[in-house]
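What follows is one structure encoded as structure tokens, with my remarks underneath.
The values are calculated or read from the model by the stated rules, or taken from the named source; none is laboratory data. Source: prediction; values computed, not measured. Every residue, glycine among them, receives a Cβ derived from its backbone with ideal geometry; neighbour counts consider all protein chains shown.
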Amino acid sequence: MIEVQHVTKRYGPVTAVDDISFRVERGEILGFLGPNGAGKTTTMRIITGYMPPTEGRAIVAGFDVLEQPIEAKRRTGYLPETPPLYPDMRVSEYLTFVAKVKGVARSQVKARVDGVMERTRIADVARRQCGQLSKGYRQRVGLAQALLHDPEVLILDEPTAGLDPKQIIETRQLIKALAGDHTIVLSTHILPEVSQTCQRVVIINKGRVVAVDTPENLTARVRGSEAMYLQVDGPGPDVSAALTQVPGVSGVTLNDGAGGPVSVEVTSEDGRDVRRELASAVVSRGWGLLELRPMRLSLEEIFLHLTTEDTTAAEPGVAPPEPPQPGQEEETTHA
Amino acid sequence: MRNVLAIAHKEVKAYFDSPIAYVFIGFFALLFGYFFVALLSFFTSQSMQMSMMGAPVNVNQQLITPLFLNTSVVVLFVLPSITMRTYAEEKRSGTIELLLTSPLTDMQIILGKFIGAMTLYAALLAVTVVHIGVLFWKGNPEVLPVLTGYLGLLLMGGCFVSVGLLISSLTKNQIVAAMVTFAVFLLLWVIDWISQFTGPLAQQVLTYLSVTQHLDDFTRGVVDTKHLVYYVSFMAFGLFLTARSVDTERWRG
Ligand SMILES: Nc1ncnc2c1ncn2[C@@H]1O[C@H](COP(=O)(O)OP(=O)(O)O)[C@@H](O)[C@H]1O
Ligand SMILES: [Mg+2]
């Protein structure tokens, strides 16, 4: 249904998207996961025909987005990162305008507008001005706008960003309900988001595809590197030595407590649950166990893990070294 | 065409939903009223002298023509604020993403915005019908030069609107758009002032380029194809350049 073929996008010297390819099958929900600045919005803007790629091409429902933009756009609904609302327009007025612009037949405009307002539960704000809506309602009006012409393809750029937990659950349910008759691509920078909603995930980082897999497989691949965080009231070196001896523990990183309690990060083999053993190791030696909890990997750490997992067992929490700053050599060339 | 009208309608509504339209109409009515009274007093005193000398008095030539020419000056000031938001505001607020991902051609969007701005402009001109009406009520001017005068003002405004759209499409900042547009209008308006100091060929070219030079004949009841061609091709060129600009912006991202 959607084909992205070797798409590259450069903004002047910045390469935002670097040779990305993937396919989305009819009726599928694809998650597009990546940290901020990974190139998610740029890729979506290319699929929706908002901007052309520097290289490569995007095909939606069989139509090349650059060569047959009108046909492709007829079949695409798009919720941009910021919902494109006109603040002075009332919600129903705005949706009527969008329906006309999207080419909904005159006789169906009213029914479609009422239909999507019902579906996205915004009928109660139909008479309110878009500019006065809360973030949650704006997002829903944005979604309603994308659904108006009943497109086959839905491109949703961070549809749950900035919503409260209840709204997030509602939006997820709505998106799931839309799957089946629609092919959906949604972007997010939160891992649980995709495991909740999507059947397949494309992970991108720095403009490149890092992994394409099901959420289950990805979670399994990542679990191996899950770490425990402990805070122990005891002598640092002894604590470190004691924990290293616990069966199943593969790595111990000690952060100096500067006289107070010490913080320790412990990784286990194959993600084995060693919490009980860790606790008894600390307590049996008479130290105080102040804290013991699993460490959630940040998305950056997951990327690091996914990109380096074949070479070494990446140590979580360790950032790659910063590349040398340009600009220093300028002084020497001047002289 | 339906898409074009939907956008035009949205533009007009945006003007009238906010205070913009009313402020402009009020401002325009005030300035035009001022010119009207000033020119009318001048005309009255002048025609008294003339009739004492037995010369014929012509309302059209001595009052209505200068009134229309003065109106073109007011238009110069008002139109930049009408066109400044057309593209700049959509780019700033992100609604441009909606328009550019809808099944529309760039030209449909541009024409919709053009018609929208022209509708507000026509509403401004409609205010002046009241003043001119007074002249018909109290005197008996010729109808034809009045009608062609309005036609000329509409065409001239169309040129300015097409330039305003182009400039608005180049920036996200409404104020910058308004200021640059005003500067360009001013240049188009005064470009023939230096023509008397240049060679004959340059003089012809400069006079031809001046947007207001072409208005003169219209206010005298003459619709010359030369002027029509000028105005229509000016507008078409302005809209074409706007389309180029929108497309370039799209590539740049
Ligand atoms: N209009 C633009 N001009 C220049 N650089 C841009 C523009 N839009 C995005 N970028 C850059 O491209 C990269 C990818 O951005 P984006 O696609 O917005 O990422 P994401 O949506 O994943 O956060 C970022 O480094 C960003 O700074
Ligand atoms: Mg983004």
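The set of residues from the range A:168-190 being assigned to a loop (DSSP other than H, G, I, E, B) and within 16 Å of ligand 2 (Cβ to nearest atom) comprises A:His189, A:Ile190.
Within the range A:84-96, restricting attention to residues that are facing another protein chain (nearest Cβ under 8 Å) and not charged (D, E, K, R), the residue that is nearest to A:Gln5 (Cα to Cα) is A:Pro84.
Considering the range A:27-40, the residues that are of a type outside the set (Asp, Glu) and surrounded by fewer than 20 Cβ atoms within 10 Å (Cβ to Cβ) include one that is farthest from the other protein chains (Cβ to nearest Cβ), namely A:Gly27.
Of all residues in the range A:53-74, those satisfying the criterion of being facing chain B (nearest Cβ under 9 Å) and either buried (at least 18 other Cβ atoms within 10 Å of the Cβ) or within 16 Å of ligand 2 (Cβ to nearest atom) (or both) are A:Pro69, A:Ala72, A:Lys73, A:Arg74. One residue alone among B:Ala122, B:Ala117, B:Ala126, B:Ala88 is touching an Asp or Glu at 6+ places or on another chain (Cβ under 9 Å) and assigned to a helix (DSSP H, G or I), and that residue is B:Ala117. From the list A:Val249, A:Val266, the lone residue that is within 27 Å of A:Ile203 (Cβ to Cβ), at pLDDT 80 or above and of a type outside the set (Lys, Arg) is A:Val266.
Tell me yes or no: at least one residue of the range B:95-113 is surrounded by 19 or more Cβ atoms within 10 Å (Cβ to Cβ), assigned to a loop (DSSP other than H, G, I, E, B), in contact with a Gly (Cβ under 7 Å, 6 or more places away or on another chain) and within 13 Å of chain A (Cβ to nearest Cβ). Yes, that holds for at least one residue.
Please tell me if B:Arg244 is within 14 Å of chain A (Cβ to nearest Cβ) and basic (Lys, Arg). Against the criterion (within 14 Å of chain A (Cβ to nearest Cβ) and basic (Lys, Arg)), B:Arg244 does not qualify.
Within the range B:169-188, is there a residue that is modelled with pLDDT under 85, more than 16 Å from ligand 1 (Cβ to nearest atom) and closer than 30 Å to B:Thr86 by Cβ? Taking every residue of the range B:169-188 in turn, at least one turns out to be modelled with pLDDT under 85, more than 16 Å from ligand 1 (Cβ to nearest atom) and closer than 30 Å to B:Thr86 by Cβ. Annotation note: of B:Phe28, B:Phe43, B:Phe35, B:Phe68, the sole residue that is within 30 Å of A:Tyr94 (Cβ to Cβ), among the aromatic types (Phe, Trp, Tyr) and buried (at least 16 other Cβ atoms within 10 Å of the Cβ) is B:Phe28. For residues that are surrounded by fewer than 19 Cβ atoms within 10 Å (Cβ to Cβ) and in a helix (DSSP H, G or I), scanning just the range A:143-167, find the one that is farthest from ligand 2 (Cβ to nearest atom). In this case the residue turns out to be A:Lys166. Within the range A:28-39, is even one residue out of contact with any strand residue (DSSP E or B) (no Cβ under 8 Å at 6 or more places or on another chain), away from ligand 2 (no atom under 16 Å from the Cβ) and assigned by TED's automatic domain parsing to the domain that holds A:Ala179? Scanning the range A:28-39, I find no residue that is out of contact with any strand residue (DSSP E or B) (no Cβ under 8 Å at 6 or more places or on another chain), away from ligand 2 (no atom under 16 Å from the Cβ) and assigned by TED's automatic domain parsing to the domain that holds A:Ala179, so the answer is no. Within the range A:226-262, the set of residues being more than 17 Å from A:Ser280 (Cβ to Cβ), in contact (Cβ under 8 Å) with a residue 24 or more places away in the chain and within 32 Å of the chain's Cα centre (by Cα) comprises A:Glu226, A:Ala227, A:Tyr229, A:Ser250, A:Gly251, A:Thr253.
Only residues that are within 12 Å of ligand 1 (Cβ to nearest atom) and assigned to a strand (DSSP E or B) were counted in the range A:28-68, giving 2. Of the helices (runs of 4 or more DSSP H) entirely within the range B:160-253, those holding at least 2 residues that are without any contact (Cβ under 8 Å) to a residue 12 or more places away in the chain and of a type in the set (D, E, K, R) occupy B:225-252.
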